[in-house]
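The values are calculated or read from the model by the stated rules, or taken from the named source; none is laboratory data. Values in this document were obtained by computation on a predicted structure and should not be read as measured data. Here the Cβ positions follow ideal geometry from the backbone for every residue, glycine too, while neighbour counts run over all protein chains shown.
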Amino acid sequence: MRNSVDVHNFLLERGVAHEMVPVRGRFRSPDRIAAVLGLEPDQVGKVVVLGGSKGLVAVMVSSHNEVDLRRVAVAAPTPTLRELTSDEVTDATDFFAESVPPVGLPSGTRAIMDSGLSEQQVLYFAGGEASTLLKIRPDDLRDATAAKVARVAR
């Protein structure tokens, strides 16, 4: 299994400014991250991994938003998409589903960032394991993942 060291190394190799933030306990959901750390839900992102006819799509949205599959299908573009189960996410990414980071995903994974995330000054995501968070600026995240920025949340 991959972990926060892999996330950190991925970003270091690309010269991307970021912080890996260790936390006490295990954060199993982005909503819990926001609540415990006193952050606005818009600052905390989650990665929803979708499977499509053209491979994996990693969609980054704010913790309180859901992914609109039709919008993602247009942004990707791919004709068929479905959200993967926890087991499928773990198998496809080699990260536990509860802690999938937005970076360091398998080669060929297309990344889409909801436009609402780009309005924040800093973002927090799962960092590759349940006890580590990734702190990163939206522009740096977009560049590191070659993400397409589009309105994909509902």
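Surrounded by 14 or more Cβ atoms within 10 Å (Cβ to Cβ) and farther than 23 Å from N65 by Cα: is that true of M20 in this structure? Steps first, please.
Numbers: surrounded by 14 or more Cβ atoms within 10 Å (Cβ to Cβ): yes; farther than 23 Å from N65 by Cα: yes.
The answer is yes for M20.
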(message) Need the failing condition index for R154 against (1) at pLDDT 95 or above; (2) over 15 Å from V7 (Cα atoms), just the number.
(response) (1)
(message) List pairs: first residue in region 52-71 and at pLDDT below 95, second residue part of a loop (DSSP other than H, G, I, E, B) and polar (S, T, N, Q) anywhere in the structure, Cβ distance under 8 angstrom, at least six positions apart or on different chains.
(response) G52/T78; G52/T80; S53/T78; S53/T80; K54/T78; G55/T109; S63/S29
(request) Select from region 65-80 the residues that are closer than 22 Å to F96 by Cβ and either hydroxyl-bearing (S, T, Y) or surrounded by fewer than 17 Cβ atoms within 10 Å (Cβ to Cβ) (or both) and list them in ascending order. (result) E66
(request) Show the residue pairs that are 6+ apart or on different chains and have beta-carbon atoms under 9 Å apart, the first residue being within region 114-128 and at positive phi, the second being of a type in the set (K, R) and at pLDDT 95 or above. (result) G128/R2
(message) Name the residue that is farthest from the chain's Cα centre (by Cα), counting only residues in region 1-36 that are β-branched (V, I, T) and either closer than 20 Å to P138 by Cβ or not in a helix (DSSP H, G or I) (or both).
(response) V23
(request) Within region 20-48, count every residue that is without any contact (Cβ under 8 Å) to a residue 40 or more places away in the chain and on the phi > 0 side of the Ramachandran plot. (result) 1
(request) Any residue in region 140-154 that's under 13 Å from G116 (Cα atoms): show its pairings with residues that are basic (K, R) at Cβ separation under 6 Å, as long as the two are six or more apart or on different chains. (result) V152/R71
(request) Could you check how many residues of region 81-98 are hydrophobic (A, V, I, L, M, F, W, C) and either surrounded by 21 or more Cβ atoms within 10 Å (Cβ to Cβ) or more than 28 Å from L39 (Cα to Cα) (or both)? (result) 4
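Assess whether A111 counts as being touching a residue at least 24 places away in the same chain (Cβ under 8 Å) and farther than 22 Å from V7 by Cα.
On the way: touching a residue at least 24 places away in the same chain (Cβ under 8 Å): yes; farther than 22 Å from V7 by Cα: no.
Taking the combined requirement at face value, the residue does not satisfy it.
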(message) Could you go through region 99-119 and let me know if any residue there is in a loop (DSSP other than H, G, I, E, B), surrounded by 15 or more Cβ atoms within 10 Å (Cβ to Cβ) and among the basic types (K, R).
(response) no
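State yes or no: is L39 out of contact with any helix residue (DSSP H, G or I) (no Cβ under 9 Å at 6 or more places or on another chain) and under 18 Å from I136 (Cβ atoms)? Even if it seems obvious, please write down each step before you answer.
Details: out of contact with any helix residue (DSSP H, G or I) (no Cβ under 9 Å at 6 or more places or on another chain): no; under 18 Å from I136 (Cβ atoms): yes.
No: the conditions fail for L39.
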(request) Among what's in region 57-74 and is more than 10 Å from the chain's Cα centre (by Cα) and assigned to a strand (DSSP E or B), pick the residue that is farthest from R151 (Cα to Cα). (result) V57
